[in-house]
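Below is one structure, written out as structure tokens; comments come after it.
The values are calculated or read from the model by the stated rules, or taken from the named source; none is laboratory data. Note that the structure is predicted; figures quoted are calculated from it, not measured. As a convention, Cβ positions derive from the backbone with ideal geometry for all residues, glycine included, and neighbour counts pool all protein chains shown.
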Amino acid sequence: MQIIRELEALRQAVAEYRGSGKRIALVPTMGALHAGHMALIEEGLRRADAVIASIFVNPRQFGPNEDLAAYPRRERTDAQMLEKHGCAILWAPAVETMYPEGFATTVSVSGVSEVLEGAARPGHFDGVSTVVLKLLNQVQPDIALFGEKDWQQLAVIRRMATDLDLPVEIHGVPIERDDQGLALSSRNAYLSEEELVAARTLPRALGEAAAAIGRGEPAEAALAAATARLAEAGFTDIDYVTLRDAATLQPIEALGEAPARLLAAARMGPARLIDNLPVEPTTSV
Ligand code: PAF
């Protein structure tokens, strides 16, 4: 696996792959890689001939109260994992390469980026959209893969790619979960054994709410029950447990024609956890 830090070298390496007719996949990450990221690499390899992963801890998506300095950085271990999983290139630019002196452009996707995480973390999605557009322009992949765990991020990126006619397929990869359903996340590492056990209430509560709504029970009651269950399990700062249109992230009160998604964000001890599930009508026989 090549580790590349300069844009010119990246462009040359990508041109070589393209020259030999290879389809290229990009997996953008901020490092601290885990099995969830490896699922993205593996899916990339199923859908393209060569996978390029990027590791860039993007300062523009961290708020003033979010600790950018404390974000885990372990490039050597990450690179070993990527190589083992068949990644062709690790694109790891420095902050000065990504945002040189005088950088003055921000990409802002209105609507879908303003609610939920966007409301809780002002400016976050502007930072994400800006860096993802840059990564897509730098690598010019045929396909870019993102985890469905950050469902809203995926919706924002899809909106941006459609609106700006980006010649890339944006592909969402289902959430990797542990054997008890907890979505894999770098933030799980902050949890004590006891908190980890309690955190597993999150996917269970969402699963029950999704099933109830799917059976036709009122969404409001199902969401209230899930919220109460989270509070009982020790979750605090329950920012939202909500039923949304899966693409626009606007609130919906019941299932309709458009795909629906149940999303939640709450704090367990030191970690703010997010999770989401599709909600589909179930037909009884
Ligand atoms: O999901 C992430 O790790 C980041 O938000 C991304 C997409 C790599 C942009 O910095």
>> Where the second residue is small (Gly, Ala, Ser) and the first is touching a residue at least 60 places away in the same chain (Cβ under 8 Å) and lies in segment 66-89, which pairs have Cβ atoms under 7 Å and are six or more apart or on separate chains?
In response: 72/32; 72/186; 82/53; 87/53; 88/50; 89/13
> Of all the residues that make up segment 179-206, how many are in contact with a Lys or Arg (Cβ under 9 Å, 6 or more places away or on another chain), of a type outside the set (A, V, I, L, M) and closer than 12 Å to residue 275 by Cβ?
Replying inline: 6
>> Just to confirm my filter: which helices (runs of 4 or more DSSP H) fall fully inside segment 64-172 and include at least 3 residues that are within 14 Å of the ligand (Cβ to nearest atom)?
In response: 124-139, 151-163
> Taking segment 69-83 only, how many residues are modelled with pLDDT under 90 and of a type in the set (Gly, Ala, Ser)?
Replying inline: 1
>> Take residue 199 and tell me if it is loosely packed, with under 14 Cβ neighbours inside 10 Å, hydrophobic (A, V, I, L, M, F, W, C) and under 26 Å from residue 31 (Cα atoms).
In response: no
> Cβ-Cβ below 6 Å, separation at least six or inter-chain, first residue in segment 121-137 and farther than 17 Å from residue 171 by Cβ, second part of a helix (DSSP H, G or I) and more than 11 Å from the ligand (Cβ to nearest atom): which pairs?
Replying inline: 125/118; 129/160
> Do we find a residue being within 16 Å of the ligand (Cβ to nearest atom), closer than 19 Å to residue 40 by Cα and basic (Lys, Arg) anywhere in segment 176-191?
Replying inline: yes
> Which one of 41, 24, 52 is more than 17 Å from residue 147 (Cα to Cα) and touching a helix residue (DSSP H, G or I) at 6+ places or on another chain (Cβ under 7 Å)?
Replying inline: 24
> Within segment 40-50, can you find the residues that are buried (at least 19 other Cβ atoms within 10 Å of the Cβ) and under 18 Å from the mean Cα position of the chain (by Cα)?
Replying inline: 40, 41, 43, 44
